[in-house]
Amino acid sequence: MSSRSEELFAKACELIPGGVNSPVRACHNVRSTPLFIARGQGAHLFDLDGNEYVDFVLSWGPMILGHADPEVTRAVAEAATRGTSYGAPCEDEVTLARMVTQALPSVEMVRMVNSGTEATMSALRLARGYTGRNKLVKFVGCYHGHADAFLAAAGSGVATFSIPGTPGVPQSVVADTLLAPYNDLAAVEELFKTRGEDIAAVIVEPVAANMGLVLPAEGFLQGLRDLTSKYGALLIFDEVITGFRLAYSGAQGRFGITPDLTTFGKIIGGGLPVGAFGGKAEIMRHVAPRGEVYQAGTLSGNPLAMAAGLATLNKLQGMDYAGLEEKTHAFAGELEAILRSKGVPVQVHTIASMFTPYFSADPVESFSDVQKCDQELFTTFYKQMREQGIYLAPSAFETGMVSFVHTDEDFARALDAARRVTF
């Protein structure tokens, strides 16, 4: 007998391209049907058939407080009674902007937008407008949303489906995107030696979290800071995933690196559709209407998202990030030991509240290393874990997420499921 998810997916395929509104959700690459979710509560999801899952996806990162957090939910409900959209300023957007600037010293001014894609797109436009240059350096396998300039050799869903990255994108657009391997500082230095006067910015995920989870090599981020400063380019940290998750002060606070611009995602809106970009006031003053670099959005600073963001950041200020990291690292270590005991080549990368199992015996330090991992082993692992009520991202190019509300019982349940996986 088919499940309600299977029935609804069949209908969705007739009405929505691929049956989903974001590609990786389709679960094609793990030969599965997507689960249609009825509700989320804490660290758990419930599908339309009433099955319960321990959630290690967390809406791809932002639900660090878990689903339906009472304080966030209350804030959204109260805001909704006052109206869902004004197309005009509201007090909460000023308060939230202040909280972001206080959390990350490199961000002196911030502009609210509606998604991570919009944030990175706007930051790039600002960098080009500010420097008067056109070239962008990005890293192979890093994903910065689906704006045209970023789709050259991107990670996340682009990598999952092995899409070349440019159908529908004019070659002239990506011609200004210069590529380098993640963690290869020498390659970036060579780009600057040959094209330095044309490079407006380097954009980087300070921890690469869209090709699984690849940590920055020692000196890599500082090297990028030094190179961009030397050649007059801007350093953009894409903290859509790491912002307020790697630490309250983001990756830049954890690693002690000061970027020129930073982009944020849905975590600053409690999981609602929101994003932001910000940085030094000297640069941000070039954004319209103060400056000449145009960016706009009717729903930017939406009152529901701002209320959710304030409730989220207010709560995160008092949370035990070190304790959450300790739990996540212990879980990742036990998971790796269990899988290795089965004789499969595996390593589980982890930092803060994120983890990724790579089915490979070789070091994984770049996207080319990730591509050599055994995708069939991952598919086997994913399917059997899901059958046992453990919800993981349906792609080897995504990162597992842990929230503050995951319990010891949740971790034990996931580890017990891993013990029962057969390869």
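The values are calculated or read from the model by the stated rules, or taken from the named source; none is laboratory data. Note that the structure is a prediction, hence the values are computed from the model and not measured. All Cβ positions, even for glycine, are placed from backbone atoms using ideal geometry, and neighbour counts span all protein chains on display. Areas reflect the complete protein model, heavy atoms only, side chains present, ligands, DNA and RNA absent. Shrake-Rupley method; radii C 1.70, N 1.55, O 1.52, S 1.80 Å.
Springs between Cα atoms under 10 Å define the GNM used for the chain, and in it the highest mean-square fluctuation of Asp49, Asp92, Asp369 occurs at Asp49. Per-residue packing, averaged as other Cβ atoms within 10 Å, sorts the ranges 386-392, 62-68 into the order 62-68, 386-392, beginning with the highest.
Among the protein heavy atoms of the stretch 1-66, carbon and sulfur supply 53% of the accessible surface, probe 1.4 Å, non-protein parts ignored. Sorting Thr407, Thr117, Thr379 on solvent-accessible area from highest to lowest, probe radius 1.4 Å, gives Thr407, Thr117, Thr379. Using Cβ point charges alone (K and R +1, D and E -1), the dipole size of the chain about the Cα centre works out to roughly 580 debye.
Note on Asp408: accessible area is roughly 110 Å² with a 1.4 Å probe, heavy atoms of protein only.
Each principal axis of the Cα cloud of the stretch 286-386 was taken in turn, and the coordinate range along them, longest first, works out to 59, 34, 25 Å. For the stretch 360-413, the share of accessible area belonging to carbon and sulfur comes to 46 percent (1.4 Å probe, ligands and nucleic acids excluded). The alpha carbons of the chain occupy a box of 59, 53, 46 Å along the principal axes, longest dimension given first. Springs join every pair of Cα atoms under 10 Å in this Gaussian network model of the chain, and among Thr380, Thr263, Thr312 the largest mean-square fluctuation is at Thr380.
The phi-based Karplus calculation (6.51 cos²θ - 1.76 cosθ + 1.60; θ = phi - 60°) puts the 3J(HN,Hα) values of the stretch 189-202 at 4, 5, 4, 5, 4, 9, 10, x, 6, 9, 7, 7, 7, 10 Hz, whole numbers, x for Gly and Pro.
Shown for the chain: lysine pairs separated by 8 or more places, or found on different chains, whose C-alpha atoms are under 18 Å apart, numbering 8. What the phi angles of the stretch 369-383 give under the Karplus curve with 6.51, -1.76 and 1.60, with θ = phi - 60°, is a coupling list of 5, 4, 5, 8, 5, 7, 6, 5, 5, 5, 4, 4, 4, 4, 5 Hz, glycine and proline written as x. On a per residue basis, the chain carries 41 Å² of accessible surface, using protein heavy atoms and a 1.4 Å probe.
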